[in-house]
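What follows is one structure encoded as structure tokens, with my remarks underneath.
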Amino acid sequence: MAGFELDLRDEYSATLNTFFHFAVLGLITLVTGRPFLFPSLGPSAYLLATGEQPREEGPYHVIGGHAVAVVSGLLAYELFANDVSAYVVFARPDPAFTMELVYLSASATVAMMLTTATMLVTKTNHPAACATTLIVGLGLMGGIEDAVIIVVAVAVLWYAHEHAISRVATWYGFDPDEPRE
């Protein structure tokens, strides 16, 4: 492959960074018993750990994008799917053609529309936050307590990366390059 270059130090750095990101949040989850680990943290942690797309790594984008997503998801869920959860609906033997799926589909669609429009208007572009809006809009996490937890977890992820993990990685010479270069 033309241009292929293997630099294990780079892969080691990104992998170690990701380990520390999730170790911090896992410890908080263990101590609090609250869901400080959720699927949309994965893409955000990847962007931070690999140094990919630096424009989307700053706190305004990472935290702001997830905050926009949470608010959009909560609003859509309250308007369309209040008290319906994808967990419950899809656990049933045959949920096809139910009004609950109509409500969830409407909630997810509106949540994505609101998130997209609001991130573009506020310039908080962070694609990983689109997963957050679906988590909330589908009733997988929701309510004010979970909304606060999501935003705090994202803030902890960014803060730990910016003020500890990336600095230690740089000190030891393990600072990943842009993966698409």
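The values are calculated or read from the model by the stated rules, or taken from the named source; none is laboratory data. Nothing here was measured: the structure is a model prediction, and the numbers come from that model. All Cβ positions, even for glycine, are placed from backbone atoms using ideal geometry, and neighbour counts span all protein chains on display. Side chains are part of the model used for accessible areas, which takes the heavy atoms of the whole protein and leaves out ligands, DNA and RNA. Shrake-Rupley method; radii C 1.70, N 1.55, O 1.52, S 1.80 Å.
The figures follow:
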| item | result |
| --- | --- |
| Residue order for S85, S40 - accessible surface, 1.4 angstrom probe, largest first | S85, S40 |
| In nm, spacing of pseudo-spin labels at R167 and L30 (7 Å Cα→C-beta vector) | 2.4 nm |
| Listed peptides 153-162, 59-68 by packing density, highest first (mean Cβ within 10 Å) | 59-68, 153-162 |
| Accessible area (Å², per residue) of the stretch 46-118, counting only protein heavy atoms and a probe of 1.4 Å | 53 Å² |
| Spacing of the two label points (7 Å from each Cα toward its C-beta) at A117 and A23, in nm | 4.4 nm |
| Total formal charge among the other residues, if their Cβ is under 15 angstrom from that of M141, Lys/Arg +1 and Asp/Glu -1 | -3 |
| With DNA, RNA and ligands ignored, accessible area of M99 (1.4 Å probe; Å², nearest 10) | 110 Å² |
| The stretch 41-120 - percent of accessible surface contributed by carbon and sulfur, probe 1.4 Å | 71 percent |
| Protection proxy ranking, peptides 125-133, 89-97, average beta carbon neighbours within 10 Å, highest first | 125-133, 89-97 |
